[in-house]
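Enquirer: A single structure is presented below for examination.
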Amino acid sequence: MPAPLRDNAAFAQVTAATERAQGRSALRVSDVQALIGGLANAERQQAGQGASALDTTSLGISRWFSGWLRVLVFLLLALATAAPLYLLNLAFGGRNTYWRAIMTGLALLMLPLMLEGVFGFLGALGDVFGAGALRGLTNLTLTQSAYALPIWALLSAVAIGLMAFGFRGLCEQFGLLGAGSSSAKNTTVESAATVDWDEEL
């Protein structure tokens, strides 16, 4: 690096962050992107331009929310996704087509979090123990590579479609949509506590 850039305070921060990243386990693409953004900020400041607040924030966050802290947080969140799915199934059962569609859509929306938690943790273990097969499992998360973005978009589209189908079906059962919606609107609120949906659908 040119001497004027090396003397820049922002470049010193990037250098310190790079040195910390070299000894850090479970390094991810976002950590490297934060370092690149910090270097770009130092170059802009050296050229007399304003620094990017987002790049500065990303570099600061990568100093503490990375490595094993990030791995464990997402692992705990991934494990916690089982609770709402179990409770939804327990409360409404699995026989109703519409509730099954809603539960499946909710599971698909949570799938990126599950993949990040489980495969991020296995990849971090592979990083620690030098197991290439485990380390490569981070590529199965949806935050690691560009090819995952269309997969994420497809899963989200299917989830939205399933949940819209499920909620529309429930609205029709409660008389909020369809031929009987106009006559049922006034009585739906009063009878909501006693209305039961058709479990055999």
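Enquirer: Counting other Cβ atoms within 10 Å, which chymotrypsin sites (Phe, Trp or Tyr not before Pro) in the stretch 62-154 have at most 13 and lie in a DSSP loop?
Expert: Working: sites: TRP64, PHE65, TRP68, PHE74, TYR86, PHE92, TYR98, TRP99, PHE119, PHE121, PHE129, TYR147, TRP152; in loops: PHE65, TYR147.
Sites meeting the loop and neighbour criteria: PHE65, TYR147.
Enquirer: Here's a follow-up. How high is the FRET efficiency from LEU154 to PHE65, r the C-beta distance, R0 30 Å, rounded to 0.05?
Expert: The value I calculate is 0.60.
Enquirer: Helix 53-64 against the longest principal axis of the chain: what's the angle in degrees, Cα atoms only, rounded to the nearest 10?
Expert: The answer is roughly 90 degrees.
Enquirer: Among all stretches of the chain without exposed GluC sites (Glu not before Pro) (DSSP loop, at most 14 other Cβ atoms within 10 Å), which one is longest?
Expert: Of all site-free stretches, the longest is 1-198.
Enquirer: Tell me the per residue accessible area of the chain using a 1.4 Å probe; a whole number in Å² is fine.
Expert: Value returned for the chain: 58 Å² of accessible area per residue.
Enquirer: Which trypsin sites (Lys or Arg not before Pro) in the stretch 65-130 sit in a loop by DSSP (not H, G, I, E or B) and have at most 16 other Cβ atoms within 10 Å of their own Cβ?
Expert: Those satisfying the criteria are ARG95.
Enquirer: On to the next question. Over the chain, with a Gaussian network built from C-alpha contacts below 10 Å, which listed residue (ALA53, ALA21, ALA101) shows the highest mean-square fluctuation?
Expert: Top of the fluctuation ranking is ALA53.
Enquirer: Could you point to the label whose value was computed as Kirkwood radius over Cα pairs in Å for the structure here, given (1) 17.3; (2) 20.7; (3) 17.8?
Expert: Among (1) 17.3; (2) 20.7; (3) 17.8, the one calculated here is (2).
Enquirer: Against the longest principal axis of the chain, how steep is helix 9-22, in degrees 0 to 90 to the nearest 10, with axes from Cα atoms?
Expert: It is inclined by approximately 70 degrees.
Enquirer: Relative to the present Cα-Cα distance, how much length would full extension add between LEU125 and TYR147 at 0.36 nm per residue of separation? Walk me through the numbers on the way to the answer.
Expert: Values: separation 22, 0.36 × 22 = 7.92 nm, distance 2.36 nm.
Full extension from LEU125 to TYR147 adds 5.6 nm.
Enquirer: Can you tell me the orientation of helix 29-46 relative to the chain, as the angle in degrees between its alpha-carbon axis and the longest Cα principal axis, to the nearest 10?
Expert: The two axes meet at around 50 degrees.
Enquirer: So what's the back-of-envelope 222 nm ellipticity for the chain, counting only DSSP H runs of four-plus at -39500 (n - 2.57) apiece and dividing by all residues, rounded to 500?
Expert: Theoretical 222 nm ellipticity from helices: -24000 deg cm²/dmol.
Enquirer: What percentage of the solvent-accessible surface of the chain, computed with a 1.4 Å probe over protein heavy atoms, is contributed by carbon and sulfur atoms?
Expert: With neighbouring chains kept in place, the figure for the chain is 67 percent.
The values are calculated or read from the model by the stated rules, or taken from the named source; none is laboratory data. Everything quoted here is computed from the prediction, not taken from an experiment. In this analysis, Cβ positions are derived from the backbone assuming ideal geometry, glycine residues included, and neighbour counts consider all displayed protein chains. For accessibility, only protein heavy atoms count, side chains too; no ligands or nucleic acids. Shrake-Rupley method; radii C 1.70, N 1.55, O 1.52, S 1.80 Å.
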